[in-house]
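Here is the structure we will look at, set down as structure tokens.
Please treat every number below as a calculation from the coordinates, not as lab data. Quick caveat: nothing in here was measured; it's all calculated off a predicted structure. All Cβ positions, glycine included, derive from the backbone under ideal geometry; neighbour counts span all protein chains shown.
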Amino acid sequence: MEYTAAYFQASADYVKEKLNFAPEIAIILGSSLGPFAARIENPVTIDYKDIPNFLVSTVATHAGKLIAGTVAGKKVVCMSGRFHSYEGYDFEQLVIPIRLFKLLGCRAVILTNAAGGVNLSYKPGDVMIINDQIKLTGASPLRGHNVPEFGPRFFDVQTMYTPALRQLAKDCAAGSGLTIHEGCYFFMPGPQFETPAEIRAIRILGGDAVGMSTVTEALTAAHCSMPVLAFSVITNMAAGILDQPLTDEEVNITGQKIAHDFSNYLEKIVARM
Ligand code: HPA
């Protein structure tokens, strides 16, 4: 598949026609973080399957809906459910959501995910502001024909997790009831959770949290010069740390437990963005 600017424009034209406003901030909600969508006032909901040239979410805990409206006085567009390479999508297809946001005119994106805690000082229920990432496996989402309307062939990613937005997130931490860290997100392709040996290696390499998403979205945003703020909710300790099996259920239970405090925290940040 050769993607052109017109390919992405078709999705944006459809969404623009459904919304009677231009969203300023895009938000991608990760596993079990969907409840934030209930905060959106005057919501307009669009099923992914109705958007031309878009993808569909195949994960049970991902709703598969684009929801746009107002949060804390800001116009937002929110993806409740995202796309992962483990669903069978090519890395190159994973540029689609961020490019839609860019064409809708969003000036920043907030990415959220559920992740395993690799840093031994982290606990389930903690939140990590992502300050950098490691993606050693799989292709770049920007591989293939460059679409210059979005950005240059070669691009800098040193500050893709935008320092000013990270500072804002830290400034909003007090009173949130959450334990907030800042650290490095290590991408693993899944869908299996990692082995204990992989987690030991990830720790040596500098990863603080491990997960199966987010990195392609951050890279796509960096390519089109869109500021990024990203959070990992630590839903479980990564493999080999605790003497217990890793389950999707644990991920969802922890996600649900902190959904309320996390949603309050996000709302406070959106208000100040
Ligand atoms: N590993 C990878 N992805 C995850 C994890 C994990 O431990 N927890 C939630 N998403």
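Observations on the structure shown:
- Cα centroid separation - the range 164-191 against the range 77-125, whole Å: 14
- Angle between the chain longest axis and helix 248-272 axis [Cα atoms, degrees, rounded to 10]: 60
- For the range 99-148, the square roots a ≥ b ≥ c of the C-alpha gyration tensor eigenvalues yield an a/c of 1.5 or more together with a/b not exceeding b/c, which makes the shape oblate.
- Leu136-Glu24 FRET efficiency (beta carbon distance; Förster radius 41 Å; 0.05 resolution): 0.75
- Here is the size of the chain from its Cα atoms: Rg then Dmax, 17.4, 52 Å.
- Order of Asp243, Asp156 - criterion: other Cβ atoms within 10 Å of each residue's Cβ, fewest first: Asp243, Asp156
- Contour excess over end-to-end distance, with Cα ends at Gln244 and Lys123 and 0.36 nm allotted per residue: 42.1 nm
- Between Thr179 and Glu17, the modelled label-to-label distance comes to 5.1 nm, taking each label 7 Å out from Cα in the direction of the beta carbon.
- The simple Förster model, with R0 at 25 Å and r as the Cβ-Cβ distance, assigns Val44 and Glu2 a FRET efficiency of 0.20.
- For Ser140, Ser11, order by how many other beta-carbon atoms lie within 10 Å, fewest first: Ser140, Ser11
- Relative contact order of the range 174-273, taken over Cα pairs closer than 8 Å and 6 or more residues apart, is 31 percent.
- Antiparallel %, DSSP beta bridges [both residues in the chain], to 5: 35
- For the range 143-273, the gyration tensor built on C-alpha atoms gives an oblate shape. Its axis ratio a/c (a ≥ b ≥ c) is at least 1.5, and a/b is not larger than b/c.
- Selection from Cys224, Asn236, Thr247, by position along the positive dipole direction of the range 203-273 (Cβ): Cys224
- If you plug the beta carbon distance of Asp156 and Ala201 into 1/(1 + (r/R0)^6) with R0 = 30 Å, you get a FRET efficiency near 0.65.
- Net charge in the neighbourhood of Val228 (other residues with Cβ under 15 Å of its Cβ; Lys, Arg +1, Asp, Glu -1) is +1.
- Among Val233, Val44, sorting on how many other beta-carbon atoms sit within 10 Å of each Cβ, with the fewest leading, yields Val44, Val233.
- Taking Cα centre as origin and charging only the Cβ of basic (Lys, Arg, +1) and acidic (Asp, Glu, -1) residues, the dipole magnitude of the chain rounds to 600 debye.
- In percent, rounded to a whole number, the relative contact order of the chain is 26, using alpha-carbon pairs under 8 Å and six or more apart.
- Beta bridge orientation in the range 1-159: antiparallel %, DSSP, nearest 5: 55
- Potential lengthening of the chain between Asp261 and Thr70 amounts to 66.9 nm, from the contour at 0.36 nm per residue minus the alpha-carbon distance.
- Here the convex hull built on the C-alpha positions of the range 195-240 has a volume of 84 cubic angstrom per residue.
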